[in-house]
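See structure below.
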Amino acid sequence: MRARGGIIRLQMTSLWPRLEPVLPRVEKPARYIGCEDGANANIYKPDATSWLLTYPDTYEIGLPNQGLQILYELLNERPDAFAERSYAPWTDMEAQMRAADVPLFSVDTHRPANEFDIIAFNLSAELVYTNVLNCIDLAGVPVRASERRDADPLVGAGGHCAYNPEPLADFVDFFVMGDGEEVIADITEEVQEWRQSGKPKGSREAILHALALIPGVYVPAMYDVTYDNQHLLAVTPRHNDIPANISKRTIADLADWPYPRNQLVPLTEVVHDRLNVEIFRGCTRGCRFCQAGMITRPVRERPASQVREMISAGLERTGYDEVSLTSLSTADFSGIEDVVADTIDDPGTCGRVSVSLPSLRVDAFTVGVAAQVSKARRTGLTFAPEAGSWRMRQIINKLITEEDLYEAVRAAYSQGWHRVKLYFLTGLPSEMDDDTLAIADLAENCVQIGLEYTKKASVTVSLGGFVPKPHTPFQWFGQNQPEELRRKVDLLRNRLRKNKRVHLKWHSPEASTAEGITSRGDRRVGSVIEHVWREGGTFQEWSEHFNLELWKEAMDASGLDIDWYVHRHRDEGEVLPWDHIHAGLHKDFLWQDWQDALGGYGIEDCRWTPCYDCGACTEYGIEHVVASPAPPNGGSQGTGQDLATGHLVPVQLRPRAGVGGSQ
Amino acid sequence: MRLRIRFSKLGKVRFVGHRDVARIMERALRRCGIPVTYSEGFSPRLRMSFGLALPTCYESEAEYLDVPLNPDLVQDQTVFCTGWGQGEAHNPTELQDALNKALPNGFDVVALTIEPKSKGSLQEAVLSCGWSFDIVGAQTDGVQNAIETALNSSVIEVDRKKKNEIVREDIRHGIHELRLDGESERGPLVVAELSAKPRVIRPSELVDVLAPGAELGVAKRTHQWIETDGQRIEPLTPSNSITT
């Protein structure tokens, strides 16, 4: 058990003299020193609002996070703010820190976390929630928001998981919905007033109230939650001026935000250790399992010229020999081939820079792109068919045909790749064993294609257990039991056991259950997260630390039922814990899309076809920013088919009011 | 031709491991457009070789890096840079400045030469290293006495982990110099020259001899010694003052 508030508050400017002696005793000490190229070591502004941007996982995972780096730069450009960074210390470091009474610190200047006005967390995954609590506790701040004193730092959180804030509502003072670029200015201005007032007794309530009035900001303490026995009845504002619904913030044009300008270059190896340039934000392919594709709409492309400038300046400044063009579906970028070609042919790169394209849709990966990418060092290629059978892909609206996949794989092998990685989900709605086993067929057929080009051909199949996410059409779906997911994994393992060229990797079905608890949980799940954390359950994303028993115990202790939270199908009338949070999408649009999924109807990509009014644009008066009016490789669902002549499309597209061209 | 670089690694960056230092150097070389060479194969790597690896957490004023240059782009003492610095010619002083601008704080190139490639690696040529280190949790008098005792002994045995067993090993012959050099804020400061052959003897091993139970504070490598024509020399001597 952990003692609450066990860390003594320290009034020191730098903890470095106390950290230095313990660093030789921990693994990978370089992750605690900062010193990155692009970091600001002298950013202290005594009269400014200070933000500690905290990633609740290890430095190696957190440092490359683009969202955190963008906010870091934007805040440091402001005269009235500055930002430093912190990451979750690994367990050995945490033990050293607790033994020596060293609190959580910034890696920039090694100042204690509780000297900051705001500790702001990036929530990229649900299983980090126990680390959030641990970081707050290590900071010497009460983990429960209700127990914080006036002068304690404000605890904030943003990122994709913030779209269901309820499981963390007891621990976080304010959440930010959507793009952070603009809202951090509004928050800074409010907090600046508060700190100038000296944070007097009773002022915490006032600053929280003020924050709750900022569009896109959710302050859970300003809302009451009511239940009817098990079922949630409502989340209602406590004051008249507090909004009943919180709508996400969206920046209209990525061209206005060419950040990060100075990507951090770490001294020690991290994931995605390369230049990362965000080429567009948002995705409207409409994959029904994909939360990111739902909550980040509309599509906002960065102008190609700005992409080129950011690549060129970034490579020159950092010395990296690899650039990743990031987005939710990189091959969909207008003129992607030209951008890749220009990068590789840039005289500055001496032909030594490789381009990696994460999140490739198979229908947009052509021989042309493959040839360009392969000119330099070949980076790993991952395609995401997501489901093995066409029936299943119709249900999830990932409308790529087997032939699309084979063409893409052929493009890769023919251009010199020996291995491709295929990403699949299992446990999808209505999935039958034939659908699961079709994954093996696809993989084996890909190997056969590869063998036409290389004797070394192999395929890695990465299999994830499907966890339904808030704000998606699948939010009503009852997640598979871990036993069922395990059975499906075993089906594939047995089927592929003899094929040495197909390597199967799978995500722990038990971890999917814990993710399910936190993904669609309500405010009552907060006590479960706290219980797991108090029992030492940190780093739950790491298989060596994950322990489902802790979660089961915690659910029991809180009187909550895993089946009810995770494995139960919801019906249309149910109040969902995140109903008061708006990502633009109309709930009736999502419900209709869920019904369409079960009926096998597809939906088009609206960036190239007429609007079907999901709500993401119309609610906020914004639009797609897309350079090319035509989808890549033909067809708004990439099947190479002309949607105007619907009978050629191998899927029935749902006719909708006001929608043309889909009959 | 090749570049031979002597650099220092001081302050917080002492916690950066050897492999990470290699990556830091690669990025700096690329940023300067220095015409490096690459290995062949599916995944070409930038060619470079270091002197003796420095343990993580140790500082140094004497790290070495050899970087083979593209012979077409070197003429006497002038290197023609490519890439971002395309077409620019640089003499050793300019290259040193450029690298120092490209390197993170804590790393400094203190000497740089353009010289013909020689046979054998620097790593194998190093015979001994100079060290300066302090000891935490020890009395200066005690350390002074221990040094005298050690120097008067003909055998100094230490425990050494070898795979699964611990063996006793004599390191007396590997201690070329050992003396007290006052005190740091952490404790007694020791200067030593320790042999690198047949194996590298580390300051941490001496701490166990001089002050059992105490801990190594900060250790700094001050020299790497090689032998040329019977002369004990350093591969490069600093061309400017080291910033600490």
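Being modelled with pLDDT under 95, in a strand (DSSP E or B) and within 30 Å of B:Thr149 (Cβ to Cβ): is that true of B:Arg232 here? Criteria met by B:Arg232.
Going through B:Phe80, B:Phe107 one at a time, which residue ends up being within 29 Å of B:Asp66 (Cβ to Cβ), assigned by TED's automatic domain parsing to the domain that holds B:Pro68 and touching a Pro at 6+ places or on another chain (Cβ under 7 Å)?
Values: B:Phe107 fails: touching a Pro at 6+ places or on another chain (Cβ under 7 Å).
None of the others qualify; the one that does is B:Phe80.
The number of residues in segment A:512-549 being touching a Gly at 6+ places or on another chain (Cβ under 8 Å) and either surrounded by 21 or more Cβ atoms within 10 Å (Cβ to Cβ) or among the β-branched types (Val, Ile, Thr) (or both) comes to 2. When B:Ala53, B:Ala22 are checked against the criterion of being more than 9 Å from chain A (Cβ to nearest Cβ) and touching a His at 6+ places or on another chain (Cβ under 6 Å), B:Ala53 stands alone in meeting it.
Looking across segment A:353-368, just one residue is assigned to a loop (DSSP other than H, G, I, E, B), surrounded by fewer than 23 Cβ atoms within 10 Å (Cβ to Cβ) and at pLDDT 75 or above, and that is A:Pro358. Taking the criterion of being of a type outside the set (A, V, I, L, M) and within 16 Å of B:Glu61 (Cα to Cα), the residues of segment B:18-51 that qualify are B:His18, B:Phe50, B:Gly51. Can you find even one residue in segment A:66-73 that is outside any helix (DSSP H, G or I), modelled with pLDDT of 95 or more and either among the aliphatic types (A, V, I, L, M) or buried (at least 23 other Cβ atoms within 10 Å of the Cβ) (or both)? The answer is no; no qualifying residue exists. Per this entry, A:Glu619 is counted among residues that are under 30 Å from A:Ala169 (Cβ atoms), of a type outside the set (Gly, Ala, Ser) and at pLDDT below 95. Taking each residue of segment A:177-192 that is of a type in the set (Gly, Ala, Ser) and looking for partners that are surrounded by 17 or more Cβ atoms within 10 Å (Cβ to Cβ) and part of a helix (DSSP H, G or I) with beta-carbon atoms closer than 6 Å, six or more apart or interchain, yields A:Gly180/A:Leu71.
The rows are residues; the columns are (1) within 25 Å of A:Pro610 (Cβ to Cβ); (2) more than 14 Å from every other protein chain (Cβ to nearest Cβ); (3) over 22 Å from the mean Cα position of the chain (by Cα).
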residue: A:Gln263; (1), (2), (3): no, no, no
residue: A:Leu267; (1), (2), (3): no, no, yes
residue: A:Asp273; (1), (2), (3): no, no, no
residue: A:Val277; (1), (2), (3): no, yes, no
residue: A:Cys290; (1), (2), (3): yes, yes, no
residue: A:Ile295; (1), (2), (3): yes, yes, no
residue: A:Arg308; (1), (2), (3): no, yes, yes
residue: A:Thr318; (1), (2), (3): no, no, yes
residue: A:Asp332; (1), (2), (3): yes, yes, no
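Quick one: is B:Leu73 under 18 Å from the mean Cα position of the chain (by Cα) and either in contact (Cβ under 8 Å) with a residue 12 or more places away in the chain or surrounded by 15 or more Cβ atoms within 10 Å (Cβ to Cβ) (or both)? No, not satisfied. Checking A:Arg98, A:Arg85, A:Arg149 one by one, the residue that is of a type in the set (Lys, Arg) and out of contact with any Gly (no Cβ under 9 Å at 6 or more places or on another chain) is A:Arg149 and no other.
Here is a check on your reading of the model: is A:Gly286 within 16 Å of the chain's Cα centre (by Cα) and crowded, with 23+ Cβ neighbours inside 10 Å?
Values: within 16 Å of the chain's Cα centre (by Cα): no; crowded, with 23+ Cβ neighbours inside 10 Å: yes.
So A:Gly286 does not fit the description; no.
Against the test of being in a helix (DSSP H, G or I) and in the same structural domain as A:Ile43 (by TED's automatic domain parsing), the options A:Ser86, A:Ser146 yield a single qualifying residue, A:Ser146. For B:Ser60, the conditions (1) within 14 Å of chain A (Cβ to nearest Cβ); (2) crowded, with 22+ Cβ neighbours inside 10 Å; (3) of a type in the set (S, T, N, Q) all hold with the exception of (1).
Among the conditions (1) more than 12 Å from chain A (Cβ to nearest Cβ); (2) of a type outside the set (Lys, Arg); (3) within 22 Å of A:Asp345 (Cβ to Cβ), the only one that B:Leu46 does not satisfy is (1). Scan segment B:24-38 for residues that are farther than 11 Å from B:Pro68 by Cα and either assigned to a loop (DSSP other than H, G, I, E, B) or at pLDDT below 90 (or both) and the total you get is 2. Please indicate, with yes or no, whether at least one residue in segment A:413-423 is part of a loop (DSSP other than H, G, I, E, B), more than 14 Å from every other protein chain (Cβ to nearest Cβ), over 22 Å from A:Asp321 (Cβ atoms) and in contact with a Gly (Cβ under 8 Å, 6 or more places away or on another chain). The answer is no, given that none of the residues of segment A:413-423 is part of a loop (DSSP other than H, G, I, E, B), more than 14 Å from every other protein chain (Cβ to nearest Cβ), over 22 Å from A:Asp321 (Cβ atoms) and in contact with a Gly (Cβ under 8 Å, 6 or more places away or on another chain). Report the residue count in segment A:530-557 for those that are assigned to a loop (DSSP other than H, G, I, E, B) and in contact with a His (Cβ under 7 Å, 6 or more places away or on another chain). Selection size over segment A:530-557: 2. Looking across A:Thr58, A:Thr49, A:Thr109, one residue alone is buried (at least 17 other Cβ atoms within 10 Å of the Cβ), within 14 Å of chain B (Cβ to nearest Cβ) and polar (S, T, N, Q). It is A:Thr109. Would you check which residues across segment B:180-214 are surrounded by fewer than 12 Cβ atoms within 10 Å (Cβ to Cβ) and at pLDDT 95 or above and list them? B:Gly182 - this is the single residue of segment B:180-214 that is surrounded by fewer than 12 Cβ atoms within 10 Å (Cβ to Cβ) and at pLDDT 95 or above. Of the listed requirements (1) closer than 19 Å to B:Leu236 by Cα; (2) surrounded by fewer than 22 Cβ atoms within 10 Å (Cβ to Cβ), B:Leu54 misses just one: (2).
B:Ile34 fulfils the conditions (1) in contact with a Cys (Cβ under 7 Å, 6 or more places away or on another chain); (2) facing chain A (nearest Cβ under 7 Å) except for a single criterion, (2).
Within the set A:Ile136, A:Ile118, the sole residue that is without any contact (Cβ under 8 Å) to a residue 40 or more places away in the chain, in contact with a strand residue (DSSP E or B) (Cβ under 9 Å, 6 or more places away or on another chain) and hydrophobic (A, V, I, L, M, F, W, C) turns out to be A:Ile136.
If you go through segment B:1-23 and keep only what is in a helix (DSSP H, G or I), out of contact with any Cys (no Cβ under 7 Å at 6 or more places or on another chain) and farther than 30 Å from A:Trp417 by Cβ, you end up with B:Gly11, B:His18, B:Val21. Within this structure, A:Glu553 passes the test of being more than 25 Å from the chain's Cα centre (by Cα) and either among the acidic types (Asp, Glu) or in the same structural domain as A:Ala511 (by TED's automatic domain parsing) (or both). Looking only at segment B:74-87, decide whether some residue is outside any helix (DSSP H, G or I), of a type in the set (Val, Ile, Thr), closer than 21 Å to A:Tyr320 by Cα and within 14 Å of another protein chain (Cβ to nearest Cβ). There is at least one residue in segment B:74-87 that is outside any helix (DSSP H, G or I), of a type in the set (Val, Ile, Thr), closer than 21 Å to A:Tyr320 by Cα and within 14 Å of another protein chain (Cβ to nearest Cβ).
Annotation for segment A:369-389: no member residue is among the β-branched types (Val, Ile, Thr), at pLDDT 95 or above and either out of contact with any Phe, Trp or Tyr (no Cβ under 6 Å at 6 or more places or on another chain) or surrounded by 17 or more Cβ atoms within 10 Å (Cβ to Cβ) (or both).
The values are calculated or read from the model by the stated rules, or taken from the named source; none is laboratory data. Remember, predicted model here, so these are calculated numbers, not experimental data. Because the Cβ atoms are built from the backbone with ideal geometry, glycine has one as well, and the counts that use them run over all protein chains shown.
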